[in-house]
Amino acid sequence: QEVGCLSIIVLGASGDLAKKKTFPALFHLFQQGFLQESDVHIFGYARTKLSDDDLRARIRGYLEKGASTEHAEVLTRFLQLIKYVSGSYDSKDGFQLLNKKISEHEISKNSQPGTSRRLFYLALPPSVYPSVCKMIRENCMNQSDLGGWTRIVVEKPFGKDLKSAEDLSSQLGELFNEQQLYRIDHYLGKELVQNLLVLRFANRFFLPLWNRDNIDNIQIVFREDFGTEGRGGYFDEYGIIRDIIQNHLLQVLCLVAMEKPVSLKPEHIRDEKVKVLQSVLPIKHEDVVLGQYEGYKDDPTVSDSSNTPTFATVVLHIHNERWEGVPFILKAGKALNNRKAEIRIQFKDVPGDIFKCKKQGRNEFVIRLQPSEAMYMKLTLKKPGLEMQTIQSELDLSYGLRYQDVKIPEAYERLILDTIRGDQQHFVRRDELKAAWEIFTPLLHNIDAGQLNPIPYKPGSRGPAEADELLARAGYVQTHGYIWIPPTLA
Ligand code: BG6
């Protein structure tokens, strides 16, 4: 089948997400040859009145850093592919004009009617998703279908709780089917998150150990060393559970906990993820610690009486044969002591231990998503030397060292490419989203109603001490006198 030309339409082109993530990702795809001048056009659409060159100049600012002449030349070619159309998000005129421009591009590239591809990227607040989708549906669809397509990319927040999320899903579902909708969770585009499936199901090492008989507890942790920084208004309405835990960390949990899918087909993988989510037990208040960093409310866009957590530790329990009794500790916080995202799998103690000397810690398998992607296994060894003493050491795979010539792609880059290719494996299906909201909605409603309050913590700290106590209650045993230091190139 003939493939027609590709139009990528970025709605909300003058906004933050578009400038910081969407256009840079498109540029990197262009640089690597995944978008060809011969068949791609990029359209920016927003309300602001701008010329093509105004938009190009704005984007250029984000892409010029440390540029070589070669980079500058590629950048100029990329920017020439971008056109701008201004219009509102709820009136036909703008979208008819947009459609006209897309069609002109398709005609100029001699695309056979029905073969051309239209990718709409909504870099917009979700409040306008329904009206924008309706406008696209009514004014900007491909004429017929000979292998051509129209796809819509949307990003969280998808609602604030189960009901609002389901309302949004139904509104979009009336306009587009699941195969046309790509719900981005950018954590699914991270290299080490994508590696989970291979790691778990292609290695004999892990198969017999990955269960309640051997694993004591699992932590999935996200930390940032900065606060809400200009996003206070958005953040205060959502809080850390909706911003990070209900989506990013829960998606990671699914990939860590799910059973082996029948095949790598997107539907098979997503079927298994849904099963895990449906097996999560209701959250008890004693399994939750919330925090809010001191100074959060100084932000003028945050209410003085805000109850919004900027930190949370939530222990989830999965009620199935593999995981009963194994706590999954999800922890996320802003304004903490460092920036890190990792999965920490802690194994049980060895039964009938014969090494009398005090051991430093348990076996742990750590997958560090960022920064410095790595995997390491903490294990107990004989301390080198004449004495019979044990010591904690590690088997280490640090990507920077092992794959020196590889540049790890940005999450958005990979996900946009998947969208063009029609691979939905790394996107969230409607029933998955619903199951994720079912887990957190009761807790979120109780927080919103003031039944649980965040504990203040100092910016730059580990978060509230109560969170460490919860961790210990859940069974996590801290290692003493040992930290893993990412190896660097000599
Ligand atoms: C976003 C959140 O989804 O993820 C932000 O809204 C957060 O609050 C960001 O800072 C973190 O993404 P990353 O890729 O930098 O870990």
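Quick check: is even one residue across the range 470-478 closer than 24 Å to Q251 by Cβ, crowded, with 18+ Cβ neighbours inside 10 Å and in contact with a Leu (Cβ under 6 Å, 6 or more places away or on another chain)? No: zero hits. What number of residues within the range 124-140 are in a loop (DSSP other than H, G, I, E, B) and surrounded by fewer than 17 Cβ atoms within 10 Å (Cβ to Cβ)? Count: 1. R344 falls short of the stated requirement of being within 16 Å of the ligand (Cβ to nearest atom), among the charged types (D, E, K, R) and in contact (Cβ under 8 Å) with a residue 12 or more places away in the chain.
Number of residues in the range 364-391 that are among the polar types (S, T, N, Q) and either open to solvent by less than 10 Å² (accessible area, probe 1.4 Å) or outside any strand (DSSP E or B) (or both) equals 2.
Per-residue answers, yes or no, for (1) among the polar types (S, T, N, Q); (2) away from the ligand (no atom under 16 Å from the Cβ); (3) open to solvent by 70 Å² or more (accessible area, probe 1.4 Å); (4) touching a helix residue (DSSP H, G or I) at 6+ places or on another chain (Cβ under 6 Å):
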site: S279; (1), (2), (3), (4): yes, yes, no, no
site: G295; (1), (2), (3), (4): no, yes, no, no
site: A312; (1), (2), (3), (4): no, no, no, yes
site: E324; (1), (2), (3), (4): no, yes, yes, no
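Looking at the range 396-406, is at least one residue within 22 Å of the chain's Cα centre (by Cα) and open to solvent by 80 Å² or more (accessible area, probe 1.4 Å)? Scanning the range 396-406 turns up at least one residue that is within 22 Å of the chain's Cα centre (by Cα) and open to solvent by 80 Å² or more (accessible area, probe 1.4 Å).
Could you list, in sequence order, the residues of the range 231-275 that are away from the ligand (no atom under 16 Å from the Cβ), assigned to a loop (DSSP other than H, G, I, E, B) and open to solvent by 10 Å² or more (accessible area, probe 1.4 Å)? E259, K260, P261, V262, S263, L264, K265 - these are the residues of the range 231-275 that are away from the ligand (no atom under 16 Å from the Cβ), assigned to a loop (DSSP other than H, G, I, E, B) and open to solvent by 10 Å² or more (accessible area, probe 1.4 Å). Against the condition at pLDDT 95 or above and in a helix (DSSP H, G or I), how does L209 come out, does it pass? Judged against the criteria, L209 is not a match.
Yes or no: the range 216-230 includes at least one residue that is open to solvent by 40 Å² or more (accessible area, probe 1.4 Å), within 12 Å of the ligand (Cβ to nearest atom), over 24 Å from I329 (Cβ atoms) and not polar (S, T, N, Q). Yes, because at least one residue in the range 216-230 is open to solvent by 40 Å² or more (accessible area, probe 1.4 Å), within 12 Å of the ligand (Cβ to nearest atom), over 24 Å from I329 (Cβ atoms) and not polar (S, T, N, Q). May I ask you to list the residues in the range 400-436 that are within 16 Å of the ligand (Cβ to nearest atom) and either of a type outside the set (D, E, K, R) or touching a Ser or Thr at 6+ places or on another chain (Cβ under 7 Å) (or both)? Residues satisfying the conditions are I408, P409, A411, Y412, L415, I416, H426, F427, V428, L433, A436.
Number of residues in the range 189-215 that are under 23 Å from the mean Cα position of the chain (by Cα) and open to solvent by 40 Å² or more (accessible area, probe 1.4 Å) equals 4.
The values are calculated or read from the model by the stated rules, or taken from the named source; none is laboratory data. What you see is a predicted model, and the numbers here were worked out from it, not measured in a lab. Backbone-built Cβ (ideal geometry, glycine too); neighbour counts: all protein chains shown. When the accessible area is computed, the model is the full protein with side chains, heavy atoms only, and any ligands, DNA or RNA have been set aside. Shrake-Rupley method; radii C 1.70, N 1.55, O 1.52, S 1.80 Å.
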